[in-house]
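Please read the structure below before turning to the comments.
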């Protein structure tokens, strides 16, 4: 007879698989609805999106949107848009002028296949298509969604965090500096994913504050675990090259706190995310709580 814990784990694994399936369907529908330009560019735009991935961000849009009363039809556009932005950031991250990597999601990086110039243009294309998609699908809340995603992706969010990350290479960076990089570079977009779902559901300000709290904590937990995996993981599990942070002398939690210290910090952010989920009235079996536990245990 299966235990409640094994039943809960099986339900969460099923949720993860369904999230990938649903997210992939949203992406394909979005790609079919948008003008992707010349054939050569269209093929290159599809390449990184169709390489797979955990689809965490679109799944978060759906998770909180549905929890707060939105229908899937209201969530498809925002979910695809945020995955477009996330994928663009990976394409640019892998460029020779940035992290210079040749493996992403277990396949050759976009610029390795299509050339560096096209890699830059694919990132540009995915970013702008994301906002076109939100404008088309966001309905009366489109402007608000555009503002949330733009702030999370731009200079006060992911782009700003990337600049700080590059500037910190080879430098002695205090822990608050590392945490600021993580907050901007990684957590801002995860926070935005949760809030886009809440916006689609018409959630009030108090609810959106709790949703943002959850997303920020989840994002910081995610990046803390990522820092650990760069040390302990391998390319087969990660789908990318491990050891890159140390080789580039990047500012990480592991560098500042050691492996155990970084793990402890991840666990503290996990508890912050759990508390925010409880504040929203979500019970212990809700996927938002189980997702926190999964992030702590992830190996890829």
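Readers should treat all values here as calculations from the given coordinates under stated rules, not as data from a laboratory. Computed from a predicted model, the values in this text were never measured in an experiment. Note: ideal-geometry Cβ built from the backbone for every residue, glycine included; neighbour counts use all protein chains shown.
Using bins of 5 Å that start at zero, the share of Cα-Cα pairs per bin across the stretch 1-128 amounts to 2, 11, 19, 19, 16, 13, 9, 6, 3, 2, 1, 0, in whole %.
Between 25, 200, 79, the GNM of the chain built on Cα springs shorter than 10 angstrom shows 25 fluctuating the most.
Taking the number of Cβ atoms within 10 Å of each Cβ as an exposure proxy, the fewest-first ranking of 179, 21 is 21, 179. Three semi-axes describe the equivalent ellipsoid of the stretch 119-230; taken as square roots of 5 times the Cα gyration tensor eigenvalues and ordered largest first, they are 27, 19, 10 Å.
Sum -39500 (n - 2.57) across every DSSP H segment of at least 4 residues in the chain, then divide by the residue count to get the 222 nm mean residue ellipticity, nearest 500. Per the formula, -24000 deg cm²/dmol. Per-residue Cβ neighbour counts within 10 Å put 88, 214, 47 in the sequence 47, 88, 214, beginning with the fewest. As an equivalent ellipsoid, the stretch 4-297 spans semi-axes of 26, 26, 18 angstrom, where each value is the square root of five times an eigenvalue of the C-alpha gyration tensor, largest first. In nanometres, what is the gap between the two model label sites at residue 98 and residue 268, each 7 Å from Cα along Cα-to-Cβ? According to this spin-label approximation, the distance is 2.9 nm.
Highest mobility in the GNM of the chain, judged by mean-square fluctuation with C-alpha springs under 10 Å and restricted to 284, 78, 58, is found for 284.
Averaging Cα coordinates gives a centre for the stretch 183-206 and one for the stretch 69-139; these two points are 18 Å apart.
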